[in-house]
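So the structure is just underneath, and the comments pick up after that.
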Amino acid sequence: MRFRLKTRRSPIINIVSLIDILCIVLIFFVVTTVFRREEPQIKLDLPKSSQAKPAQQATPEIISVTEEEKVYVGDKEVPADQLGDYLKSRKSDDPTAKFALKASKKAPFEVIVKVMDAVKIAGIDELPTFTAEDSTMTPASPDATAPANQIPASPTPTPSPFTPPAP
């Protein structure tokens, strides 16, 4: 008796389903990507103007909160319950005034929340906060060599995730 040998077919990889999955992954990445507005990499020779003035960046006035629950605006101590009215009067005197928050890490959170509420009452849209650099990081500036428990003399303000929303 003679058996027939079946001819073996080579396995087929279904490319259509792989292309379908590839398209879905591509669409996912396109949809979830945050697009940045690109600046052109063209060197421009801008025209000169005798009336042009450099933009002046106002240095923010520091609202400090100590661990003793004291609030200072600059060098002046202001009670936390009167801070909103004080900031509102400062803002009406100088509409371009900027403020930043610097709080001790041991300051009670309740006082910090009162300060943030007062800033919102005063109509201030942005309140950047100061942080100390981590001592494990490599120093990038002379201020970065300060101990980790001290705030550098001139720290850079960082945007706060607790910035009050615009009215």
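Quick one: order V115, V16, V73 by neighbouring beta-carbon count within 10 Å, fewest to most.
V16, V73, V115
Note on D117 and D81: the extension gain reaches 12.0 nm, defined as 0.36 nm multiplied by sequence separation minus the Cα-Cα distance. Quick one: which residues, 5+ away or cross-chain, put their amide H under 5 Å from the amide H of F99? H built at 1.01 Å from N. Hits under the 5 Å cutoff: E61.
Its residues counted as N, the range 61-134 yields a C-alpha radius of gyration over 2.2 N^0.38 Å of 1.03. Compared with the direct C-alpha span, the chain from R2 to I27 gains 3.4 nm at full extension, assuming 0.36 nm per residue. Restriction of the trypsin sites (Lys or Arg not before Pro) in the range 85-119 to DSSP coil positions whose beta-carbon has at most 12 other beta-carbons within 10 angstrom yields K105, K106.
Label separation (S104 vs D20): 6.5 nm, computed from points 7 Å beyond Cα along the C-beta direction. In sequence order, the range 95-111 has phi-based couplings of x, 8, 5, 10, 10, 9, 9, 10, 10, 5, 5, 9, 5, x, 5, 4, 5 Hz under the Karplus curve 6.51 cos²θ - 1.76 cosθ + 1.60, θ = phi - 60°, and Gly or Pro positions carry x. Look at the alpha carbon pairs under 8 Å that are at least 6 residues apart: their mean separation over the length of the range 61-134 gives a relative contact order of 38 percent.
Quick note: the coordinates plus some simple rules give every number you see, no bench work behind them. Note that the structure is predicted; figures quoted are calculated from it, not measured. Don't worry about glycine lacking a Cβ; one is built from the backbone with ideal geometry, like all the others, and counts go over all protein chains shown.
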